[in-house]
Structures are given as C-alpha cells and as structure tokens.
Amino acid sequence: AVVSTQSTGGHVNWRFNEFGNPACMLLYLVSIELMCVPLPSTALPPTTDPLLAHRLAIGGKLVEAALSSRNPQLYNTLALLFSAIPGTHFSRAVFAKIAEILAEPANFYAEGWSSAAQSILLLTHSFFQHCKNDAVDYIHEFINENASHLQTESQVVYIFKLVSPFLRQWRNATQRKQILYSLYQVMFSLLSENSASNPDLFVDFMYFIKYIYVGDEFKSMLERHLPSLPTNVASKLKFCGADKSD
C-alpha cells in the first residue's frame, strides 16, 4: 500500500494538510500503527525486554517480507518506515538479519556473495540512506559483536560494502571514528592470520582512512598491531603509522 501510494499519490487537496504528500502521511500512520501493536499474551523470559523483543519480532517479519519480494521499492519503503519510527527497536531487525547472513559461511565465497547476502546489502543501503543518529551509533557495536563471524576476506569486504558508501554522509566525527576503529580492528585480525588473498586491498583502505578521515589518531593502535602482521604487510603499513610531519 505504501509503495502504491508513493507511486500514484492521491486525490486529496494537500495544500492545507499537515503532511506534504500522501506517502508521507501514510508512512507516519503506519509507524503509529506498528508502535501500538499490543504485546503478546505469552510470557517472555524475565531477562528479556518484552517491548524490545516484541518490536524486534515485528521488524524481523517486515524484513523477511521485503526480502522475499525482491522489490527495491519495498526495500526503500521499509527503510523509510524504520527511520520514521522513534528509537531503534524495529530497525534492529535489519542488523539481526545481517548478523544471520554473516554467521553462515556458505553466503560468502571467493567469486561473490549469495543472493540473500546481496538482497540484505541493498536493503541496508536504503536504511543507511535514511536512518537517524541512534541507528548509526549502533554500527560500531554491531561490528564488534560480530567480529567472530568476520573470518574470511569475502566477509570483511562485505562489511566494507555495507558502510563505506556512507562515511562522508555521517557527519558526526565521533560516530564515524568509532566505526572506522572497529573496521581497523577487523582488518588487523584478518591480516595477522595471513589468510587474505589480496592484502593490498586492506592496506590501501587503511591509508585511505588515515588520509581522508582520521589522520594520526589511530597511530598507537597501528604500532601495537604491526609486530603481529606478516613482514610484507607490515612493511607496506609503516608509513600509515608515521606522523604527517615525518
């Protein structure tokens, strides 16, 4: 219905309406309806936040419905809906689906990713395009929580693809630095195992982060990890830890 309204509009005189267009009004109405869905009568474990669990379950069903449709318009509509709802209870369902994809190594192989991984990538890009700061705040925590699943080069590149297009868009320097710090940690973990078939990709990305975003702020972390890296990789990163004046 929201997709249809976005495409066709309506026959209402919107000049004196508090909403700018029919799609905007429908998004907010659906948001209100979702927040008013009553809690289930079944008892939840005492350690579970019932409101969070309930809304996460609803968000998960919406994500599954959007992904099964393979409709980019529906991806964007769901992203707008999650961004319009206050808080992050519903939108955490997007992160939960990414974690589910990362936990399954069969979704990642040398030549590319599974169709499920590609679909959630498109949905996540739509969400990141519209999401508020409270969702961006969670990204570095999400990367740290799922670091154990980032064991292959393909999985790490997938995380790059998720967040890299939006680094310039996220203006909060602290948020961006936290995300980049988590990415550095993931890259160091992969490179230290000497399992990357193309280590230059990660070396180049580290230099890009240094010169575009963080300068010398990650120097101490780099110096701490250099001894654990293969000699050929460490030699390429020696200038990444150098001061700008060097």
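The values are calculated or read from the model by the stated rules, or taken from the named source; none is laboratory data. Because the structure is predicted, anything quoted here is derived from the model rather than measured. Glycine also receives a Cβ, built like all others from the backbone with ideal geometry; neighbour counts cover every protein chain displayed. Note: areas computed on protein heavy atoms with side chains; ligands, DNA, RNA excluded. Shrake-Rupley method; radii C 1.70, N 1.55, O 1.52, S 1.80 Å.
Before moving on, here are some points about what is shown:
- Taking the criterion of being open to solvent by less than 50 Å² (accessible area, probe 1.4 Å), out of contact with any His (no Cβ under 9 Å at 6 or more places or on another chain), hydrophobic (A, V, I, L, M, F, W, C) and more than 26 Å from V186 (Cβ to Cβ), the residues of segment 59-106 that qualify are A66, L78, L81, I85, F90.
- Test: residue in segment 146-155 that is closer than 29 Å to F239 by Cα, open to solvent by 60 Å² or more (accessible area, probe 1.4 Å), not β-branched (V, I, T) and not in a helix (DSSP H, G or I): yes
- Close contacts from segment 128-154, counting a first residue that is under 15 Å from A93 (Cβ atoms) and in contact (Cβ under 8 Å) with a residue 12 or more places away in the chain and a second that is among the β-branched types (V, I, T) and outside any helix (DSSP H, G or I), with Cβ to Cβ under 8 Å and a gap of 6+ residues or different chains, come to D134/T88; A135/T88; Y138/T88.
- Members of segment 108-134 that are in a helix (DSSP H, G or I) and crowded, with 20+ Cβ neighbours inside 10 Å: A117, S119, I120, L123, T124, S126, F127, F128
- Breaking point among (1) open to solvent by less than 10 Å² (accessible area, probe 1.4 Å); (2) hydroxyl-bearing (S, T, Y); (3) under 17 Å from L27 (Cβ atoms), for Y158: (3)
- Comparison of F208, F202 shows that the only residue that is in a helix (DSSP H, G or I), open to solvent by less than 30 Å² (accessible area, probe 1.4 Å) and either farther than 19 Å from F108 by Cα or touching a residue at least 12 places away in the same chain (Cβ under 8 Å) (or both) is F202.
- Pair list, Cβ < 8 Å and 6+ apart or interchain, from segment 47-67 residues that are at pLDDT below 80 to residues that are basic (K, R) and part of a helix (DSSP H, G or I): L52/R92
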